[in-house]
Amino acid sequence: MSPILITNARLVDGRSELPSDPCNLLIEGGRIREINNASIEATDARIIDADGYYTMPGLIDCHAHPFLADTNLARLRDVPPTLMTARATNILRGMLMRGFTTIRDAAGADWGIKQAIEEGEIAGPRLFISGRALSQTGGHGDFRRRTDNGLLCHCAHALAYTSRLADGLDEVRRAVREELRLGADQIKVLVSGGISSKHDPLEAGQYSPEEIRVIVEEAERRGTYVLAHAYSAHAIKVALEAGVRTIEHANLIDKEAAVLAAKKGAYVVPTLVTYDVLAEKGAIGGWSREMLEDLQTVRAAGLQAIEICKEAGVQIGLGTDLLGDNFDEQSRELLIRSEIESPREIINSATRINAEILRQEGQLGEISEGAIADILLVDGNPLEDLRLLQNQGEHIHLIMKQGKIFKNTLPCL
């Protein structure tokens, strides 16, 4: 891969309200080798003139489900993994073409699809996979029908990739070890009810503090961390006290739980767009009246939850949690957040803070010397108008992931 020199780049990140003065970037070996306001000598480099465009890091989605290609998860029982994978390849490519160069898969993807992207077999964001989420019996990840008596064989359908049941200290310890053996980058645990499952109350706490502590202990033993699906303030507090590092959704958080999250140095990853989309399409997808009622409960609380976290000083990431055929709405998360946050804060969440969540500080989510070259060129200033990151990447004229160009409408000199 030959070096690439981007000239006249005005850098946009989440640290400043204003773009930088024009500068030059030398990309070599998949990384940003040099940033200089003066000219850079690189006689063998391809030159891309960014004059008139704004340069920003690739976006990161820290809660995505590209393998859950149905809004009604129960229907995935009838989908084989081969069909699920074929659908996911298109979903992943679409994410990349919207400027999302990295995602944290929050259950569904496995090491095979991650390696396929790394080898260049398919185009998509780099993946940080969670394997199958851990659920207690009767919890948010228990998708058995009430007519099912006992465990079923989950060998041949897509839903089996979403979650696994584990109860008691020994079982959850073994489950964590097994998911790590299968290549999980981090572990996901379901500690409250949810809106996509039929039989567990939304605000019900799930897993005992002792079980969650064992899950955290096993993850940390392998140098990684735990993310927790949690809606209720009580479930959030239990998870934080047990050492969970990131709280997903958190719509029903209260001030006490937010203060605890800040004290623990934990992160919260809101996922507001999925509620808006499901409010529009959930009934068509076969959601029950009870599920739609729960949906309205969490949707109404979403923006307030972010305000509570901001006031408490919690670090807030960005996720989407979309399902089915709704992934084209991914960038809409940025606009929804703009009702209460500035563009700078939102870009900061989708780049630098999400990189911290992934433990990739200095590598992802920023444009700095030595960082991985995930770079977007946008035909306007996103710090003034987040609509420039909408419309399936229409305003993004260059998409680079690890130094490789996946989209470029600009001339190379």
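The values are calculated or read from the model by the stated rules, or taken from the named source; none is laboratory data. Please read all numbers here as calculations on a predicted model, not as lab measurements. Neighbour counts run over all protein chains shown; Cβ positions are idealised from the backbone, glycine included. SASA here: full protein model, heavy atoms, side chains in, ligands and nucleic acids out. Shrake-Rupley method; radii C 1.70, N 1.55, O 1.52, S 1.80 Å.
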(request) Treating cross-link reach as a plain straight distance, find the aspartates and glutamates whose alpha-carbon is under 14 Å from the alpha-carbon of K255, omitting any fewer than eight places away in the same chain. (result) E307, E311
(message) Using the Cα centre of the chain as the reference point, and only Cβ charges (+1 on K/R, -1 on D/E), how large is the resulting charge dipole? Debye, rounded to the nearest 20.
(response) 840
(message) Run the helix sum for the chain: -39,500 (n - 2.57) per DSSP H stretch of 4+ residues, divided by residue count, reported at 222 nm to the nearest 500 deg cm²/dmol.
(response) -9000 deg cm²/dmol
(message) Just to check I understand the Karplus step: with θ = phi - 60° and J = 6.51 cos²θ - 1.76 cosθ + 1.60, what whole-Hz values come out for the stretch 179-189, glycine and proline as x?
(response) 5, 5, 4, 7, x, 4, 7, 8, 10, 10, 10
(request) Provide Rg and Dmax in Å for the stretch 305-380, with only Cα atoms included in the calculation. (result) 13.7, 38
(request) Please give, to one decimal in nm, the separation of the simple spin-label points placed at T43 and N408, each 7 Å out from Cα toward the Cβ. (result) 2.1
(request) For the stretch 247-255, take each phi angle, set θ = phi - 60°, evaluate the Karplus expression 6.51 cos²θ - 1.76 cosθ + 1.60, and give the result in whole Hz per residue in order, putting x for glycine and proline. (result) 9, 9, 6, 6, 4, 9, 5, 10, 4
(request) Springs between alpha-carbon atoms under 10 Å, Gaussian network over the chain: tell me which of I187, I113, I375 tops the mean-square fluctuations. (result) I113
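Packing-wise, with mean Cβ within 10 Å as the measure, how do 280-293, 165-178 rank, highest first? Please list the in-between numbers first.
Values: 280-293: 14.7, 165-178: 17.9.
Top to bottom by mean Cβ count within 10 Å: 165-178, 280-293.
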(message) At R0 = 35 Å, how high is the FRET efficiency between E369 and D51 if r is their beta carbon distance? Nearest 0.05 is fine.
(response) 0.95
(message) Quick check for you: with a 1.4 Å probe and neighbouring chains kept, what is the accessible area per residue of the chain, in Å²?
(response) 40
(request) Give a residue-ordered list of calculated ³J(HN,Hα) values for the stretch 359-373 (Karplus: 6.51 cos²θ - 1.76 cosθ + 1.60, θ = phi - 60°; whole Hz; x for Gly, Pro). (result) 6, 10, 4, x, 10, 10, x, 7, 10, 8, 4, x, 6, 5, 7
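How big is the charge dipole of the stretch 1-152 about its Cα centre, in debye rounded to the nearest 20, if each Lys and Arg gets +1 on its Cβ and each Asp and Glu gets -1 on its Cβ? Write out the running numbers ahead of the final one.
Values: 17 positive and 19 negative charges, 176 e Å.
It comes to approximately 840 debye.
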(request) Treating each Cα of the stretch 158-287 as an identical point scatterer and ignoring solvent, apply the Debye formula and state log10 I(q)/I(0) at q = 0.14, 0.15, 0.20 Å⁻¹. (result) -0.64, -0.73, -1.20
(message) What does the extension gain come out to for A283 and V259, with contour length at 0.36 nm per residue minus their alpha carbon separation?
(response) 5.0 nm
(request) Note down the magnitude of the dipole of the stretch 277-381 about its Cα centre, charges +1 on Lys and Arg C-beta and -1 on Asp and Glu C-beta and zero elsewhere, to the nearest 20 debye. (result) 120
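Under the definition of Cα pairs under 8 Å and six or more residues apart, what whole-number percent is the relative contact order of the chain? Numbers along the way, then the final one.
Numbers: 972 pairs, mean separation 86.7, N = 413.
Over the chain, the number comes to 21 percent.
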(message) Report for the chain the percent antiparallel among DSSP-assigned beta bridges with both residues inside it, nearest 5.
(response) 45
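Relative to the compact globular guide of 2.2 N^0.38 Å, what is the alpha carbon radius of gyration of the chain, as a ratio?
Against the empirical 2.2 N^0.38 Å value, I get 0.97 for the chain.
Could you work out the relative contact order of the stretch 166-314? I mean the mean sequence separation of Cα pairs under 8 Å and 6+ apart, divided by the number of residues, in percent.
Here the relative contact order equals 21 percent.
For the chain, which whole-number percentage of the solvent-accessible area (1.4 Å probe, protein heavy atoms only) is attributable to carbon and sulfur atoms?
Details: 7600 of 16420 Å².
The C+S portion of the solvent-accessible surface of the chain is 46 percent.
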(request) Take each of the peptides 332-338, 179-185, average the number of other beta-carbon atoms within 10 Å over its residues, and list them starting from the highest. (result) 332-338, 179-185
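Only Cα pairs under 8 Å and at least 6 apart count here; give the relative contact order of the stretch 239-346 as a rounded whole percent.
Over the stretch 239-346, the number comes to 34 percent.
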(request) Give the residue from I367, L388, L335 lying farthest towards the positive end of the charge dipole for the stretch 281-398; charges sit on Cβ (+1 for Lys and Arg, -1 for Asp and Glu) and the dipole is referred to the Cα centre. (result) L335
